Amino acid sequence: MTAIWAIAVITFKEGIRNRAIYGISIFALLLLGANLLISSMIMQEVGKVAVDMALSTVSFAGLLLVLFVGINLMAKDLDKKTIYMVLSRPISRPQYILGKFFGMALLILATISILSIFAIISIFMVKLSYPGYFSRFSWPPILLAISFITISLILLSALTFLFASFSSTSFITLILTIVSYIIGQSIMDVKALVEAPQAVGIQVSPVTVKVVQAAYYIFPNLSIFDIKLQAAHGLPISLSYIFWAVSYGAVYTCLTIILASIIFRRREFP
């Protein structure tokens, strides 16, 4: 456990020193700062727009963090061959994967926490300026939405380690991660569409249905963590849904990291 924690701390420090994280943070802060201006342009929906934009900014910044910082944390060791120096110590390959993952998870938690503070401040400022448009406003759904965003990003980060465990370049890992993200965001709607095509007047072959159903169980269903709409409208989320979503994220993340560790242990380096 000491070795895993040591790698996690080193990974976290490497991520903090990455210049990309500063660019992502500045970009996100600019968007959050513009929240007051943009929300005021849609007066009838100013409360909903303010919440949705704040949460979307946090989510998008987190996605950029995983894609452009998280992937490079492991790719750099492989490209610069420093992986040999790490593994020459009394550290197993599964410990290396776990350490890198926990370090990235800490980086996600720290970054999202900071961005969330600014997101809450931006919503609060809009609320002070236009209090009449926040009649159904509630803080708990917003905090829950931020928590769900964090869980989905940690899950996506686990996928990057899975892809990096067998891919030869960081570019392949990046492409596979982006594809998984896109599929994960839309797979539930696509599955519902192909299973009931008569509702929209289209025809779907049985093979397509089977492929979509297989993808539904293979790829992560990231859409279940997207509750920005409920948060923007101040709608309550049932405890059963929260428990199911958190359990799904935890189980999928654990299985992904276990699979990544198994593949990485069998991988041969040139």
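Rule-based calculations on the coordinates, nothing more; no lab input. Fair warning: this is a prediction, and the values are worked out from it, not measured in the lab. In this analysis, Cβ positions are derived from the backbone assuming ideal geometry, glycine residues included, and neighbour counts consider all displayed protein chains.
Structure values in brief
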| read-out | value |
| --- | --- |
| Whole-Hz couplings from phi, Karplus 6.51/-1.76/1.60, listed for the range 181-190; x for Gly and Pro | 5, 5, 5, x, 6, 10, 5, 5, 5, 5 |
| Distance between the range 238-253 and the range 93-109 - C-alpha centres, whole angstrom | 21 Å |
| From phi via Karplus (6.51, -1.76, 1.60), per-residue ³J(HN,Hα) for the range 215-220 in Hz, x at Gly/Pro | 5, 4, 8, 8, 7, x |
| Entry for Rg and Dmax of the Cα atoms in Å (calculated from the structure that is shown) out of [x] 17.8, 52; [y] 19.3, 59; [z] 20.4, 64 | [z] |
| The range 229-245 - phi-based ³J(HN,Hα) in whole Hz, Karplus 6.51/-1.76/1.60, Gly and Pro as x | 5, 5, 5, 5, 9, x, 7, x, 10, 5, 5, 5, 5, 4, 4, 5, 5 |
| 222 nm mean residue ellipticity, helices alone, for the chain (DSSP H n ≥ 4; -39,500 (n - 2.57); rounded to 500) | -26000 deg cm²/dmol |
| Highest average packing first - 217-226, 51-60, Cβ atoms within 10 Å | 51-60, 217-226 |
| Highest-fluctuation residue, THR208, THR173, THR11 considered, GNM on the chain with Cα pairs under 10 Å | THR208 |
